[in-house]
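Inspection log for the structure reproduced underneath, given as structure tokens.
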Amino acid sequence: TTSMFRALSWTLRGLHCSSIPLSTRMFSERADKSRSLADKVAVITGSTKGIGFAIARHLAQNGAHVVICSRKQWNVDQAVTTLQKEGLSVTGTVCHVGKAEDRDRLVAKALEHHNGIDFLVCVAGVNPLVGSTLGASEQVWDKILGVNVKAPALLLSQLLPHMENRGGGSVVLVSSVAAYMPISKLGVYNTSKTALLGLCKSLAMELAPKGIRVNSIVPGLIKTDFIQMEKTLPYSLSDLNKVYGLQRLGEPEDCAGIVSFLCSSDASYITGENITVAGYSPKL
Ligand SMILES: NC(=O)c1ccc[n+]([C@@H]2O[C@H](COP(=O)([O-])OP(=O)(O)OC[C@H]3O[C@@H](n4cnc5c(N)ncnc54)[C@H](OP(=O)(O)O)[C@@H]3O)[C@@H](O)[C@H]2O)c1
């Protein structure tokens with residue numbers, strides 16, 4: 001059933017510095033400060049692969065210190081190493097977002113080297129069921145709603161004091177076009193992604209007085225391990241693209257720039273917004 005929706009520094013920069021001429025170094029330090037997310041700290045869940053990994057890389061390239069996580073240590077190690085080798089400021093830890101003790105560890109990791117947190121990007125999401133909505137067991141409901149909907153809210157509640165210390169922040173949730181146009185046999189998942197849009201609205205209203213903005217992105221079909229979907233979609237992907245799409249599947253990188261923008265001060269008056277990244281938008 002999991003078959004269809006199965007479901008990285010300063011150190012390196014520092015090491016290289018001595019071999020770089022002073023003038024170049026001064027220039028690049030100035031350039032660093034001018035990057036849109038310089039000196040900001042970002043926590044990104046579900047970020048060792050796919051959409052989360054692309055977002056982690058992009059935020060770090062724009063100057064943020066990024067803390068990544070996922071369930072498997074090996075995935076975390078690989079992703080941290082890859083991004084650090086690119087000279088990016090990235091650390092990571094194991095965190096299954098559905099587990100309270102793991103969320104505690106993630107918050108502690110983020111605070112290890114920094115005295116606050118500016119951004120939270122909640123990418124982790126699961127779909128263990130392909131089948132009838134009413135046939136879903138209570139366990140399946142608990143898992144999908146727990147990881148996809150409850151976990152972002154609970155993690156944010158843990159991070160909130162550290163965002164408030166910084167005088168504000170930005171949160172980005174990752175929904176899905178399945179929230180607007182349900183995909184057959186994915187009823188529980190569709191429902192969880194619609195719930196996220198509601199969570200985005202409620203949190204945006206609740207946190208606005210604290211200067212914390214909450215937005216979501218709504219990806220379409222993005223080429224990652226998460227999708228092997230053509231078999232179970234109720235229509236052919238190529239047919240759909242002929243009518244609506246930009247004639248291709250999305251790449252994880254397609255989701256990254258918009259998240260960076262939503263975190264940056266360029267988006268300072270945008271909150272409670274859902275932005276479709278799907279080659280076409282079904283939303284009015
Ligand atoms: N791909 C699409 O077409 C598409 C479309 C719309 C929305 N989305 C949404 O985008 C998000 C990411 O999807 P993706 O396509 O990038 O998937 P992906 O390539 O399979 O990557 C999923 C990432 O999340 C981690 N992860 C899974 N469960 C987790 C958990 N409970 N706690 C923490 N980390 C966890 C995985 O690593 P570990 O295995 O090590 O945990 C991995 O790093 C999901 O919320 C999905 O619903 C995807």
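The values are calculated or read from the model by the stated rules, or taken from the named source; none is laboratory data. Nothing here was measured: the structure is a model prediction, and the numbers come from that model. Reconstructed Cβ throughout: ideal geometry from the backbone, glycine too, with neighbour counts over all protein chains shown.
For the range 183-209, give me each residue that is modelled with pLDDT under 95 and touching a strand residue (DSSP E or B) at 6+ places or on another chain (Cβ under 7 Å). Matches in the range 183-209: 185 only.
Could you go through the range 156-164 and let me know if any residue there is under 30 Å from residue 241 (Cβ atoms) and surrounded by 22 or more Cβ atoms within 10 Å (Cβ to Cβ). Within the range 156-164 (the criterion being under 30 Å from residue 241 (Cβ atoms) and surrounded by 22 or more Cβ atoms within 10 Å (Cβ to Cβ)), the answer is no, since none of the residues qualifies.
Going through (1) in contact with a Leu (Cβ under 7 Å, 6 or more places away or on another chain); (2) of a type outside the set (Lys, Arg); (3) at pLDDT 95 or above one by one, residue 255 falls short only on (1). Does the range 104-114 contain at least one residue that is modelled with pLDDT under 95, of a type outside the set (D, E, K, R) and away from the ligand (no atom under 15 Å from the Cβ)? Yes, the range 104-114 contains a residue that is modelled with pLDDT under 95, of a type outside the set (D, E, K, R) and away from the ligand (no atom under 15 Å from the Cβ).
Taking the criterion of being more than 17 Å from the chain's Cα centre (by Cα) and either more than 14 Å from the ligand (Cβ to nearest atom) or surrounded by 19 or more Cβ atoms within 10 Å (Cβ to Cβ) (or both), the residues of the range 64-88 that qualify are 81, 84, 85, 86, 87, 88. For the range 226-238, the criterion of a residue being at pLDDT 95 or above and closer than 21 Å to residue 148 by Cα is satisfied by no position. Is it true that residue 198 is loosely packed, with under 15 Cβ neighbours inside 10 Å and at positive phi? Answer is no for this residue.
Looking at 208, 153, just one residue is surrounded by fewer than 24 Cβ atoms within 10 Å (Cβ to Cβ), within 21 Å of the chain's Cα centre (by Cα) and away from the ligand (no atom under 16 Å from the Cβ), and that residue is 208.
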